[in-house]
1. Please give the FRET efficiency for A:D48 paired with B:A100, using the beta carbon to beta carbon distance and R0 = 30 Å, rounded to the nearest 0.05.
2. Summarise the partner chain shielding of B:25-36 as one whole number: the mean count of Cβ atoms from other chains within 10 Å of each residue's Cβ.
3. Do any trypsin sites (Lys or Arg not before Pro) in region B:2-90 lie in a loop, going by DSSP, with at most 16 other beta-carbon atoms within 10 Å of their beta carbon, and if so which?
4. Starting from the Kirkwood Rh over alpha-carbon pairs, what translational D in µm² s⁻¹ does chain B have by Stokes-Einstein at 25 °C and 0.890 mPa s?
5. Show that you can apply the helix-only estimate: for chain A, add -39,500 (n - 2.57) for every DSSP H stretch of four or more residues, divide by all residues, and state [θ] at 222 nm to the nearest 500.
6. State, as an integer percentage, the relative contact order of chain B based on alpha-carbon contacts under 8 Å between residues 6 or more apart.
7. Taking the Cα centroid of region B:56-104 and of region A:19-85, what is the distance between the two, rounded to the nearest whole Å?
8. Using r as the Cβ-Cβ distance of B:A55 and A:K37, and R0 as 30 Å, what FRET efficiency do you calculate, to the nearest 0.05?
2 protein chains.
Amino acid sequence: MGLTKTEIFTEEQNQMAALLKAMAHPARIAILQRILKSNTCICGDLVDELGLAQATISQHLKELKNAGIIQGTIEGVSVCYCIEPKTWKLLQNQLGNFFASYKGEQNCC
Amino acid sequence: MGLTKTEIFTEEQNQMAALLKAMAHPARIAILQRILKSNTCICGDLVDELGLAQATISQHLKELKNAGIIQGTIEGVSVCYCIEPKTWKLLQNQLGNFFASYKGEQNCC
DNA sequence: AATTTATATCGCAATATTACGATAGATAAA
DNA sequence: TTTATCTATCGTAATATTGCGATATAAATT
């Protein structure tokens with residue numbers, strides 16, 4: 001096995017899980033924080049800032065890009081990464097609703 | 001390899017990644033949704049509702065419990081799971097701040 | 001054209017995850 | 001006490017992830 005049974009879940013559940021999974025790594029959190037911090041986009045400064053090899057960073061960026069969380073634009077020699085607004089807001093809403101649907105402490109546990 | 005280099009990241013980055021990772025599976029999203037939906041706690045109804053084997057569900061519940069997202073209380077023969085309010089609110093805040101720190105579309109990508 | 005610079009991809013090794021059958025443990029019911 | 005019920009754990013197979021060196025690609029500079 002080792003293969004998630006996506007077919008038994010809803011589209012929404014699979015999508016949310018995929019987006020969370022793309023974010024669920026400290027390096028990718030750090031990359032996103034770095035993009036968010038600088039108002040402008042981020043190129044390969046990441047390799048110097050995080051303590052990971054260039055190949056590894058490139059792989060993490062690819063995962064964030066594949067998930068649709070960031071987008072990259074070629075800017076001469078380097079590539080310019082920034083947040084993909086559409087996905088960002090979608091996930092923000094989904095998570096917002098999800099967490100807000102918790103109605104406080106119950107009386108059973 | 002295959003081992004995340006947690007030592008080069010901040011405590012906050014590692015914690016957030018760990019919590020997101022615990023949620024980043026459609027079955028675990030479904031479990032959480034089920035707990036959230038019913039105002040009371042949830043025992044083993046999950047095995048009938050989701051299309052996964054009992055051992056698999058138990059494993060997913062364990063992961064959510066280890067991450068501190070849910071808690072389980074033994075209730076006779078069955079076990080009663082519900083949200084762990086502290087972790088829930090922590091993650092809610094962390095994610096809220098994280099997503100809110102995006103300052104809209106920039107001019108470079 | 002040759003060189004430098006920035007990023008992507010390949011291939012690999014180590015480790016982690018997912019799923020499940022089989023089985024164990026623990027409480028309730030008969 | 002025996003049986004039924006519910007959940008946890010073990011063991012295992014299939015697959016995925018993480019990290020990196022080596023190498024490829026592609027644009028800019030000399």
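What follows draws every value from the coordinates through simple rules; no lab data is involved. Keep in mind that this is a model prediction, so the values were computed, not measured. Cβ placement follows ideal geometry from the backbone for every residue including glycine, while neighbour counts extend to all protein chains displayed.
1. Taking R0 as 30 Å, the efficiency between A:D48 and B:A100 is 0.60.
2. On the way: counts 9, 17, 7, 3, 11, 6, 0, 5, 6, 0, 2, 6.
The per-residue average across the peptide is 6.
3. Numbers: sites: B:K5, B:K21, B:R28, B:R34, B:K37, B:K62, B:K65, B:K86, B:K89; in loops: B:K5.
Of the trypsin sites (Lys or Arg not before Pro), the ones in loops of region B:2-90 whose Cβ has at most 16 other Cβ atoms within 10 Å are B:K5.
4. Details: Rh = 15.8 Å.
So the translational diffusion coefficient is about 155 µm²/s.
5. Values: 5 runs with 59 residues, N = 109.
Mean residue ellipticity at 222 nm (helix-derived): -16500 deg cm²/dmol.
6. On the way: 71 pairs, mean separation 25.6, N = 109.
Over chain B, the number comes to 24 percent.
7. 27 Å
8. Values: r = 43 Å, r/R0 = 1.45.
After rounding, the FRET efficiency stands at 0.10.
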